[in-house]
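Notes for the one structure printed next.
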Amino acid sequence: MKIDLNRSTQDTEAAKSTEAAQKVAEKRVARKSDLPGAAASDRVEVSSDAKLLAAALKATTEAQPVRADVVEAMKQKLAAGEIGKDSGRLADRIIDDLLKE
């Protein structure tokens, strides 16, 4: 059996060469990102769920503010039985409104 007393020196040299190679690679990446056309090759894909979420968030920010006076008036009419009696008519109007969009 042979005992290699230089093993720790070899491991240290290997670690140093790995660190040096990593530093060289980092420098190359940094130089490439400084090039004017480097970002043109980058690409991002957005999932359909993310697009849907973005559209929903945009719609909420662009929505009209709630008119509390109109809401309160409709609550009073609903409580008095003045509106909401004909569910079939309501369903037809909702469908018609959705088809317009």
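Please treat every number below as a calculation from the coordinates, not as lab data. In this text, all values refer to a predicted model and were calculated from it rather than measured experimentally. Note: ideal-geometry Cβ built from the backbone for every residue, glycine included; neighbour counts use all protein chains shown.
Shape call for the stretch 51-101 from the C-alpha gyration tensor, a ≥ b ≥ c root eigenvalues: rounded (a/c under 1.5), prolate (a/b greater than b/c) or oblate?
Oblate, since a/c reaches 1.5 and b/c is not below a/b.
Apply 1/(1 + (r/R0)^6) to the Cβ-Cβ distance of GLU19 and ALA50, taking R0 = 35 Å, and write down the FRET efficiency to the nearest 0.05.
Efficiency for this residue pair is about 0.35.
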